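The values are calculated or read from the model by the stated rules, or taken from the named source; none is laboratory data. Quick caveat: nothing in here was measured; it's all calculated off a predicted structure. Positions of Cβ are backbone-derived with ideal geometry, glycine not excepted, and every protein chain shown enters the neighbour counts. Quick note on the areas: whole protein, heavy atoms, side chains included, nothing else; ligands and nucleic acids left out. Shrake-Rupley method; radii C 1.70, N 1.55, O 1.52, S 1.80 Å.
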Amino acid sequence: MTDTDLGPAASAVTGTPGDSAPARLLLDDARLADLRSRLDGDLAPQWRRLAEQCDLYRRTAPPAEHPLASITYLGSAAANLALAYRLTGQRHYLEEAWRWISAAVSFEHWGRAHLPDHDLDAGWLLHGLSLAYSWLGDDLGPERAGALRAKLALQGERLHDFAVANEGSWWSSSYWQNHHWICHTGLATVGYALGERAWTERAKDAFATVVDVLPADGSDMEGVVYWRYGVPWLATYLDLLQQTEGVDWWDRCRFLANTFWYRLHQAAPGYEEIVDHGDCHDRRSGHSVALYRILAARYGIGEAQWLADTVADRFFWREAYESGVRPGVLPEAWAELLWYDAAVEPVDPAATVPAQAAFEDLGLLVHRTSWDDDATLLSFKSSPGGGHTAWETSRRIDAERGWDTLSAGHHHPDAGSFVLASRGAWLLVDEGYSNRKRAGHHNLVLVDGQGFAGEGRYHVYADAPPTRTADMVDVLADGGFLHGRARTGRMYPDELGIESLERTVAVLPSGRVVVVDRGRAAEPRSWTLLFHSDHPGEQAASPGPGAVRHELRNGRAGAWLTTYAGTAFTGTAGEGCTVERVVTDVEANPTSSTPDLVVTRRLHTLRVTPPAARDLLAVTVIEPFDAFRAARGPAGPGGPTARLLPARSGVAVDLGDGERAYLAGPDGVLDAEGMRTRARAVLVAGGVTRVLGADA
């Protein structure tokens, strides 16, 4: 069967909509009988979740009038209650389902504050209510079924017509964006439920592009929060397509095949919190048990099954009530049940997954000292807007068709930035969600106080020239070592005359970090290094001329942060670094569907500025320690041990405990105490030496 053929399962849903019972989506008789037989067996936990969710609906009420806020949750309520009825035959579930369905049917429009009938509210409701319509079938009765069918037909037509009229702009053709996936899945579901082939084909054509142009390494430029919000809809569509038309795109979609590994490596130690690159409402909105289940089932990923079990047992309810993302994890109960495959045995990632990883498309490198809860983690990234695939493919499509497809508004101006966590707490952080995105909200370098070109707005990369790119080169990510060089000079305004700006990060097995910033401009500039933390650091005694040292503490986590610049390398008795400690407040509305929702984050920012010069050379050494065991002050137990080594070319740092990092300069030559070679980097720890070759 080709991808354009309709199999026997689709024949019942491709005719003209009428008054006959709708086809039952995802639940043929055999599957329904199988599920019913397992509700008191291996599906008992999933049934309990569904029953509890349905009881929550019983104890609350749908809105009598359309609120200003989002109504996406109405679609999920209908699906959960309808599935509970179909599985049990208990009529109270049907009546409760109708109570929620009738509220949605009564609203003239779906969505009020932003793009009524044409965006997320419509997509969510079309999906959930169409599933409910197909599952409840004739049991709704002719009057109720007719009212629901008419509303679905009206809203489906509105969404379809908007997608067609706006092809080439906004979500209609934004292949890398969650709005595209959600709205087209809603359109597909209502199309299958009502037999509207034009709608299902529109969605199918859109997803045929999506599955081919998403990055094959599974990385998501929108960040973990939108990963957990948007990616389940990709799985939802592929599941619907396979079970309705018999078309299997699971292997074709390499993004879905590999995206669990991206999510796993963006888990903070302990798995409960997340690395919050990109637009992230908070550090707790990162888990979708349902998505883990279907990735485990379709790709045989035991680690995804293990994480689903772990979240369900340990983290689920805390995320449900603390997450800033709505409607959140609770309404996914129907999918948790349908997508669970007991045949996939759970596998603890600590036994199988390396502690270092690299995702080339997003220029994302991740290092953790182990998979233990108290490990140290660093995540470092650098890529063009949307990642390499989206940046390049969108430009090709746009040039061919005159479209605008990138829509990378959730991707921050953060190329070259990194975050650091240790012993269950955060030490160096991102700002989370922002509407007016700025490089200055990240651990980056400002030049004459300026960040990236095009910043200060929601979509930093809109209208950017093709040369405004960043990348990550000289990558090493295995065996306890991490190394990468982020080249970011092109991201800054042309008028600054930046000829080059790059950041090299090396992490050793102990979790100690060396950061080397090098830059060159056409004329002297003020180069300011930014370090953001949740709590203010304390200045400590300087280790020498041209160096500044701070002590960071957060709970059990601590780190010495020492920056060498200016006179530390020139050997002159010139002016030292300027050090400022300021507060950076970031406030944002994360969704136009709910205008009064505001998320805020306060950052405590350390600004280190060497004397103005054409050239920048700064070395920052970060030494994590156990704050419960280390006394305050560098002379006490747990004090810093790292020191710069004399170097004629490149940078050399003795980190203590047998760890050394030799990092080359632009010429690719290392000439320092204990090392003379031509290489990009030499990293030494525990008797192991790793060498990265010179640039070709």
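A few comments on the model shown:
Results for (1) over 16 Å from A290 (Cβ atoms); (2) of a type in the set (A, V, I, L, M, F, W, C); (3) at pLDDT 95 or above, shown as yes or no for each residue.
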position	(1), (2), (3)
P22	yes, no, no
S37	yes, no, yes
P45	no, no, yes
L56	yes, yes, yes
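- For region 517-574, a residue qualifies if it is in a loop (DSSP other than H, G, I, E, B) and at pLDDT 95 or above, and the qualifying residues are S526, D534, H535, P536, G537, G555, R556.
- Residue count for region 487-516 satisfying the condition of being under 24 Å from the mean Cα position of the chain (by Cα) and part of a loop (DSSP other than H, G, I, E, B): 2.
- For R284, the conditions (1) open to solvent by 10 Å² or more (accessible area, probe 1.4 Å); (2) in contact with an Asp or Glu (Cβ under 7 Å, 6 or more places away or on another chain); (3) at pLDDT 95 or above are fulfilled apart from (3).
- Applying the set (1) touching a Leu at 6+ places or on another chain (Cβ under 8 Å); (2) without any contact (Cβ under 8 Å) to a residue 24 or more places away in the chain to W199 leaves exactly one unmet item: (2).
- Test: residue in region 59-76 that is in a helix (DSSP H, G or I) and more than 25 Å from S172 (Cα to Cα): no
- For region 408-432, the set of residues classified as touching a Gly at 6+ places or on another chain (Cβ under 8 Å) and open to solvent by 10 Å² or more (accessible area, probe 1.4 Å) consists of R423, G424, A425, listed by residue number.
- Test: residue in region 290-297 that is open to solvent by 10 Å² or more (accessible area, probe 1.4 Å) and closer than 30 Å to L427 by Cα: no
- In the set (1) surrounded by fewer than 20 Cβ atoms within 10 Å (Cβ to Cβ); (2) hydrophobic (A, V, I, L, M, F, W, C); (3) touching a strand residue (DSSP E or B) at 6+ places or on another chain (Cβ under 9 Å); (4) touching a residue at least 24 places away in the same chain (Cβ under 8 Å), the condition left unmet by M675 is number (4).
- Residue that is farthest from V682 (Cα to Cα) [pool: residues in region 634-660 that are part of a strand (DSSP E or B) and either over 37 Å from the mean Cα position of the chain (by Cα) or polar (S, T, N, Q) (or both)]: R648
- Residue that is surrounded by the fewest Cβ atoms within 10 Å (Cβ to Cβ), among those in region 222-263 that are farther than 17 Å from I182 by Cα and within 13 Å of the chain's Cα centre (by Cα): W261
- Residue check, L501 touching a Gly at 6+ places or on another chain (Cβ under 6 Å), within 23 Å of D615 (Cβ to Cβ) and crowded, with 17+ Cβ neighbours inside 10 Å: yes
- Filter result (touching a Cys at 6+ places or on another chain (Cβ under 8 Å) and assigned to a helix (DSSP H, G or I)) within region 227-278: L234, L238
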